[in-house]
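As structure tokens, the structure follows; a few thoughts come after it.
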Amino acid sequence: MEMVVNGVSTRKVELITEELCGKKFSKSTVSELCKSLDPIVEAFKTRPLEAHYPFIQVDAIYLKVRENSRVQSKGLLVAVGINEEGYREIIGFKLANSETEDSWGAFFNSLKERGLKDVTLVTSDNHKGLVSAIKRHFQGASWQRCQTHFSRNIIDNTPKSLQPEIKEDLRNLYSAVDIESARKYRDLMFAKYEKKAPKAAAILDEGFDDITAVLSLPLYYRKRLRTTNGVERLNQEIRRRERVIRIFPNEASVIRLMGALLMEQDEKWQIGRKYLDMTLYYQEQGETTNKDVTA
């Protein structure tokens, strides 16, 4: 089971076990053994979310799954939370037919039913259904559009001769110390590119508020919360394991293998270094609460 979770194909498992143990385990035997992971994965997937997760990052990765004798593309929706102690956790995952507002909404509802509440910031890409679901299910939280995805969108709509220049300008914009400085830099960029790269300028103007939501947080937290890069790296690991299988035989096998992988990653995060020091965040939250009470 450990070999399968770590990306060894069932065919190679068959060869390795025969070489090491002198006994041949067929692919079907290996698959049956792996089914014992199901209750463990289900317990992890449905566990109560008892900690406070002020920051969450969400993304989806598409996998090929055989269903009713047809191969279909299905999205594995994943949510990563930063808990009150500053560690990252896989707080949820779900297999969905597509990234509609309804599918993301059902996923977010399941997280809230398990205890997720008082979210301050949600970071994601700009998928329409996802963004609509975030705004509907996390009212009171800010939505941070992933700056990495936004930069790609801007650059793709910029003439090649201007791309190095606009990349540098975007870096400077993202490094603004506060929202007022960011607005001034946006205005300079808009004036600079309005005629030379009108599509890029329009995208910048339209998306500015979404990419600068993180500026409401102390400087220390911004770098790691302004993109979904952490989840993207997790997706790369999922993709590495998925390439071994290529096509999952059914939905249960996706949840089994990917769930075991996510459990393994979650455990590494829990025993590793803190992702963020949450002291300053909770200090500021306490000061804000005290001000509200006094007022």
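Laboratory data are not the source of any read-out in this text; all were calculated from the coordinates shown. Just so it is clear, the structure is predicted and the values come from calculations on it, not from any experiment. Cβ: placed from backbone, ideal geometry, glycine included. Neighbour counts: every protein chain shown.
Helix 229-245 and the long axis of the chain differ in direction by around 30°, with both axes built from C-alpha atoms. Computed over the alpha carbons of the chain, Rg followed by Dmax gives 22.1, 76 Å. When restricted to Cα atoms, region 176-219 yields an Rg and a Dmax of 11.1, 35 Å, respectively. Of the trypsin sites (Lys or Arg not before Pro) found in region 211-271, those in coil by DSSP whose Cβ has at most 10 other Cβ atoms within 10 Å are R246. In the structure shown, the pairs K160/K196; K64/K268; K45/K112; K135/K199; K45/K223 are assessed against 18 Å; a Cα-Cα span above that value is assigned to K64/K268; K135/K199; K45/K223.
Between 0 and 90 degrees, the angle of helix 279-294 with respect to the longest Cα principal axis of the chain falls at about 50 degrees.
In order along region 60-74, the Karplus-derived 3J(HN,Hα) couplings, from 6.51 cos²θ - 1.76 cosθ + 1.60 at θ = phi - 60°, round to 9, 10, 9, 10, 8, 10, 7, 9, 6, 6, 10, 8, 10, 8, 10 Hz, and Gly and Pro are given as x. Available extension along the chain between R136 and N229 is 31.1 nm, counting 0.36 nm per residue and deducting the alpha carbon span. For the chain, the longest principal axis of the Cα atoms and the long axis of helix 251-271 meet at an angle of about 60 degrees.
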